[in-house]
Amino acid sequence: MPRLVRNQNLLPMVNQSDPQDIPLSLPKSIVLVGLMGAGKSSVGRRLAQRLDMHFVDADREIEDAAGCTITEFFERFGEDEFRRGEQRVIQRILSGPPVVLATGGGAFMAEETRTAIAENAVSLWLKADIDVLFERVSRRQGRPLLAQKDPKAVLQKLMEERYPVYEKADLWIESRRGPLEATVDRAYDVLMDYFGDARKAVPAE
Ligand code: S3P
């Protein structure tokens with residue numbers, strides 16, 4: 001990965017004599033959106049490192065607040081209560097300083113959440129095809145919506161319902177099979193384009 005040169009113009013308060021002292025952080029939160037298995041958490045964590053920003057995973061925040069796993073939460077309180085908790089947690093995170101935020105796959109479906117994201121952040125959809133999603137979700141348990149006889153059919157149905165809504169995200173990239181770093185590169189590039197040349201990191205000579 002190329003070393004990054006920070007742009008100095010956007011942060012005039014920072015000592016400009018040493019560009020390495022200047023954080024590359026973006027001025028708004030980046031909210032990763034997409035279906036289960038799209039790679040929101042793993043891409044988000046790496047992207048945050050690259051941007052010198054904090055990474056927050058909404059599902060982990062919900063688990064911490066509730067003191068139980070997502071699966072247990074669904075069992076004890078049901079999906080509707082989960083959605084209310086999810087909405088509150090995301091609103092709280094977005095009211096704080098900019099972070100890279102991985103949301104659960106259903107979060108962007110709530111209109112209020114979409115509005116909060118549009119007002120406070122930039123949304124980035126990690127778009128993946130059914131085979132990629134299915135391959136990835138098959139590697140780990142803990143997704144109550146997929147704990148059914150035919151998880152692939154559930155994913156397919158969720159794609160049909162949700163992709164037209166995910167399309168409302170500000171930015172989209174493909175999350176493909178292959179190295180994670182390639183998806184992180186695409187996310188980084190699309191964000192640099194979005195925030196403009198002033199934020200463009202260039203390889204150091
Ligand atoms: C859900 C996705 C999960 C989690 C919950 C519901 C969904 O998060 O929030 O199981 O409705 O798509 P990931 O997308 O991170 O797996």
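The values are calculated or read from the model by the stated rules, or taken from the named source; none is laboratory data. Source: prediction; values computed, not measured. Here the Cβ is made from the backbone with ideal geometry for all residues, glycine too, and neighbour counts use every protein chain on show.
The table below lists the values:
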{"quantity": "Of all residues making up the stretch 75-89, the number that are basic (Lys, Arg) and within 10 Å of the ligand (Cβ to nearest atom)", "calculated": "1"}
{"quantity": "Count - residues of the stretch 105-118 that are among the small types (Gly, Ala, Ser) and either away from the ligand (no atom under 12 Å from the Cβ) or out of contact with any helix residue (DSSP H, G or I) (no Cβ under 6 Å at 6 or more places or on another chain) (or both)", "calculated": "4"}
{"quantity": "The stretch 100-115 residues that are free of Cβ contacts under 8 Å to residues at least 12 places away in the same chain, paired with ones that are within 11 Å of the ligand (Cβ to nearest atom) and of a type in the set (Asp, Glu) (beta carbon under 8 Å, 6 or more apart)", "calculated": "none"}
{"quantity": "Number of the condition not met by Glu135 [criteria: (1) without any contact (Cβ under 8 Å) to a residue 60 or more places away in the chain; (2) surrounded by fewer than 17 Cβ atoms within 10 Å (Cβ to Cβ); (3) over 23 Å from Ala48 (Cα atoms)]", "calculated": "(1)"}
{"quantity": "Single condition Asp189 does not satisfy, out of (1) charged (D, E, K, R); (2) touching a residue at least 12 places away in the same chain (Cβ under 8 Å); (3) surrounded by 12 or more Cβ atoms within 10 Å (Cβ to Cβ)", "calculated": "(2)"}
{"quantity": "Residue satisfying condition, being of a type in the set (Gly, Ala, Ser), more than 20 Å from Val190 (Cβ to Cβ), surrounded by 22 or more Cβ atoms within 10 Å (Cβ to Cβ) and within 15 Å of the ligand (Cβ to nearest atom), within set Ala38, Ala66, Ala58, Ala102", "calculated": "Ala58"}
{"quantity": "The stretch 45-100, residues that are acidic (Asp, Glu) and part of a helix (DSSP H, G or I)", "calculated": "Asp59, Glu61, Glu63, Asp64, Glu72, Glu75, Glu79, Asp80, Glu81, Glu86"}
{"quantity": "Filtered residues of the stretch 147-164 (kept if near the ligand (Cβ under 10 Å from one of its atoms) and either more than 20 Å from the chain's Cα centre (by Cα) or at pLDDT below 95 (or both))", "calculated": "Ala147, Val154"}
{"quantity": "Search result, residues across the stretch 1-55 that are of a type in the set (A, V, I, L, M), in contact with a helix residue (DSSP H, G or I) (Cβ under 7 Å, 6 or more places away or on another chain) and modelled with pLDDT under 95", "calculated": "Val5, Leu10, Val14, Leu24, Leu26"}
